[in-house]
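Asks: I'd like to ask you about the structure that follows.
Just so it is clear, none of the values below were taken in a lab; they were calculated from the coordinates. If you're wondering where the values come from, they're calculated on a predicted model, not measured in any experiment. We place every Cβ from the backbone using ideal geometry, glycine too, and count neighbours over all the protein chains shown.
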Amino acid sequence: MADATGAEEAADEAPVRVTADDGAHPDDVNPADHDPAPATAKEPETDGERSAESTDSEPVTKAPDETPAPADKGEESTEDATAAERTAKTEVVPPTASTPANAGSDDLSARSTAAAKTTPAAAPSVVGPAATDEASTEGDGTSGASTEGGDTSGAPIYEVRAPGTRVGRFFARVDEAAGGYAVDLTLYGLSAVFALVTALTSTLLPHRAWGSIAVWAYADAFLLAVLQFMAYRFLRDRPDKTGGPWRLLRRLVGNGGRSALTWFTWATAALLPLVVQAVQRADGRTDRAQEEVLVVEHMGERLLNDGTPYLSREAIAALPADERLMGYSPYQPGMSIFGLPRALAGNVWWTDARIWFALFTAAALITALILLRPKKARRPLAGRSFPIVRALQAVTVLPICALTLATGGDDIPVLVFCLLALAFAATKRYGWAGLAVGAAAACKLFALPVVVVLAILAIAVKRGGRLLPGALGLPILVLVPPFQVDQDAFLENVIRFPLGHGLITSPAQSPFPGYLIAQNVPGGRFVAIGLLLVVALAIAVRILRSPPRSADTASLICGWGLLAAILLMPTTRFGYLLYPAAFLVWAAALRPVHRNHTATSSPLDDTALYRL
């Protein structure tokens, strides 16, 4: 009888599948609303029968305690179909008892086929174990699961993800194909081609200098990813190999190895070219930095000497015609902080503004990954899940980000501070989220839409009092010194010049729809601005009627909203696309995870075994 009671308790603790078929966000769905009718398992009559049931790989058939009598045969068929459908949405099939605990990772055909035979094809997926470090000492994509460092019950923790939309499921399958290496190889291969083309054809000398180094970095990353993929396939077919050398080899593949390769590629494709150009510039080369680097350093010098980082309209007009562009500083006062080292220590390589952009970026990015790491993870910087590894790649090795950091760099710390704010919000640290997004907005107005979305999120979850002081206070605080010195100089540099009302035209003229409309349609600038306002109004109505209640939803709103703004603004740059790209990719890493315990262990990062 004790065994029967234990079986009933295990059934009560079984993972609950959460679905969002009704269009609601996965985080807003109440799991209780999707539970099937109460069911009890048939009690075995003998110990032998109980033992046989415990090792059987087929799911136990459960019958409802009480079924209302149908009015007719047609109603009975309809209710049976409905019950079967609900059961398909909530049933979770754990790995069979015969599955080795250290089996390989994705796309194991034999076990995937067995799972498909016992599970409806339309059911959503269960990814296990959660975040992959909680149930293992290593957490690599092909290593076996262990209870060390995990839950005290010895049961691994599984990650139950709502299926989302069909498009979302498609991209998830593409992202995780071949253990994630399919996208990795494509990314590094195309990045190498982009760097080669940039080195040979770019009209900007800093870009060509970056490409001549980055092409080798991306080529090396591609070859290393090929070796990782071969090792991954080799170990996947040998799940029983767990000795010392095999354990070392397993550390080099899976999400841990992919994360390490991402950090290495960022160091060689972005940081190395940055340092090389900074050293060459300190030695006298004048073609080793984009204009924004000089602008930021001049802002720091003016702040130190004049109390404001901006020149007035009259002072800019007094400059020679070919120097007026460099007289404008279209950034918030906080950006001048990155120019202070050169103003204080002079012309040496480590005072280059890009060096400090990179340092702040690395610190904020590492902090964000630590916040998003799985609980009890031994190596938080390894990024132990597919979404976190992909999120790391989106802000480091993606060529548009690596090129921007190495040659100009001012957008990267602003972007990463916004992502850090979202990571703080995802972990319910709204006070810190306000400070992070406030710091971003204090450097560049491009972060203000993120401030608005995060403010609405915080108010929706009743945390506005924690987020708003930092989110609004820092951007206002940095305005005090320049407003005391010359308020009109701030308006000329930060407001009039970007809107096209300065003494000269902004060089940010990428051929996006807004720019093309402004240049080729009568009154096109006003048409483009009108379209931009319509889109902004539509987004505002959407978030006010249905405010975001999670950081991943806020990230998606920021991504799509900024993409629309970049495409429709009369004056914009191609490089600004790094903002929506990062926000859209980071949404998956920010998504809340529903953790549930099961009674079996499983391979780490093994999504194929439990994809129904």
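Asks: Computed over the Cα atoms of region 306-459, what is the convex hull's projected area averaged over all directions, in nm²?
Replies: Its Cα hull, projected and averaged over all orientations, spans 11.8 nm².
Asks: Follow-up question, since we're still on this one. Would you give the gap between the C-alpha center of region 469-507 and the C-alpha center of region 222-293, rounded to a whole Å?
Replies: If you average the Cα positions of each part, the centres end up 40 Å apart.
Asks: Looking at the P(r) of region 402-504, how many percent of alpha-carbon pairs lie beyond 24 Å?
Replies: The calculated P(r) of region 402-504 puts 32 percent of pairs beyond 24 Å.
Asks: Right, next: Report the paramagnetic label zone for Val167: residues of region 520-535 whose backbone N is under 19 Å from a point 7 Å from Cα along the Cα-to-Cβ axis.
Replies: Backbone N within reach: 535.
Asks: Would you mind computing, in nm to one decimal, how far apart the modelled labels at Val521 and Ser546 are, each placed 7 Å from Cα along Cα→Cβ?
Replies: According to this spin-label approximation, the distance is 2.8 nm.
Asks: Can you find, among Ala538, Pro511, Leu472, the residue farthest towards the positive end of the dipole of region 434-553? Put +1 on the C-beta of Lys and Arg, -1 on that of Asp and Glu.
Replies: With unit charges placed on the Cβ atoms, the residue in question is Ala538.
Asks: Over every pair of different alpha-carbon atoms in region 451-537, take the mean of 1/r and invert it; report that Kirkwood radius in Å.
Replies: On the way: mean 1/r = 0.0623 Å⁻¹.
Over region 451-537, the inverse of the mean reciprocal pair distance is 16.0 Å.
Asks: Another one. First measure r as the distance between the Cβ atoms of Arg285 and Leu319, then evaluate 1/(1 + (r/R0)^6) with R0 = 25 Å and state the FRET efficiency to the nearest 0.05. Please list the in-between numbers first.
Replies: Values: r = 24 Å, r/R0 = 0.96.
Using R0 = 25 Å, I get an efficiency of 0.55.
Asks: Kindly identify region 390-431 as rounded, prolate or oblate by the Cα gyration tensor criterion: order the square roots of the eigenvalues as a ≥ b ≥ c, call it rounded if a/c is under 1.5, otherwise compare a/b with b/c, prolate if a/b is larger, else oblate.
Replies: Numbers: a/c = 5.66, a/b = 1.96, b/c = 2.88.
It comes out oblate by the Cα gyration axes.
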